[in-house]
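Here the structure is laid out as structure tokens; the discussion comes afterwards.
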Amino acid sequence: MNIVVTAGTTYEFIDAVRFIGNPASGKMGYEIAKAAVARGHKCTLISGPTYLKPPNRVKILKVVSAQDMYREVMKAYKNADAVVMAAAVSDYRPQKRYINKIKKDSKILNLKLIKTPDILSRIGKNKGKRILIGFALEVQNAQKNAIEKLHKKNLDYIVLNMPMSFGKDKISASIISKDEKIVELKSISKKILARKLIKLLERKG
Ligand code: CTP
């Protein structure tokens, strides 16, 4: 199979040096890419900023912002059999990026934020025969919200997880399928979860 995976955070720059981001490390997405090539699949990994080493045999495309990621995913997904969106994409970006560093001249600094493209929803609208896996990072009403996202974004599976897995090697997550079957996984390594996801793709593909 030809599998496209996204990983990590995105940086939405405010000025020359500051950005809006989140602590996603990229570990989950990198493990998925490694698991894909280990099973003999082709994998394109579209990665936000991270300190992780690019995995062997994976085609890696490095991006910074949500818009960059959107552009690369839109190109790569056309030839894909499956897309796994593990990246924690920023939902908003500053409307304007200051060229220089903002000086602390005023007491209040207002930033106007605008929505970034929802990459997964766009792919979901043009899904064809592709298998789509999304991630849902939820704090309240987790399961209900994740199921809603799964249907709204036209996914085959959604992996529900919590912010405490950010940067860790282990994750507690639920894999929810389109028919709303739920598999709960308590504190398993991201490596094992990655293998499970690739197996799900193989079964459907
Ligand atoms: N996602 C995306 N593009 C965005 C935001 C999110 O493709 N601009 C993808 C993520 O990679 C993830 C899924 O959508 O696979 C769900 O992300 P999440 O942040 O949990 O949900 P949102 O759709 O952003 O909704 P909300 O933040 O309101 O819960």
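Of note:
- Sites SER172 and LEU52 - FRET efficiency at Förster radius 25 Å, r taken between beta-carbons, to 0.05: 0.75
- Per-residue ³J(HN,Hα) for the range 13-27, Karplus 6.51 cos²θ - 1.76 cosθ + 1.60, θ = phi - 60°, Hz, x for Gly and Pro: 6, 8, 9, 5, 10, 10, 8, 9, x, 8, x, 4, 8, x, 4
- Percentage, to the nearest whole number, of Cα pairs in the chain over 24 Å apart: 39
- When each of the peptides 152-158, 162-168 is scored by how many other beta carbons lie within 10 Å of its residues on average, the order from highest to lowest is 152-158, 162-168.
- Residue with peak Gaussian network fluctuation, the chain [Cα springs, cutoff 10 Å], from LEU52, LEU61, LEU109: LEU109
- Distance between modelled label sites at GLN140 and ILE102, nm, 7 Å Cα→Cβ extension: 2.8
- GNM remark for the chain: springs join alpha carbons under 10 Å apart, and the peak mean-square fluctuation among LYS42, LYS149, LYS112 falls on LYS112.
- Computing FRET efficiency as 1/(1 + (r/R0)^6) for LEU185 and LEU113, where r is the C-beta to C-beta distance and R0 is 30 Å, gives about 0.30.
No lab work stands behind these numbers, since they all come straight from the coordinates. If you're wondering where the values come from, they're calculated on a predicted model, not measured in any experiment. Backbone-built Cβ (ideal geometry, glycine too); neighbour counts: all protein chains shown.
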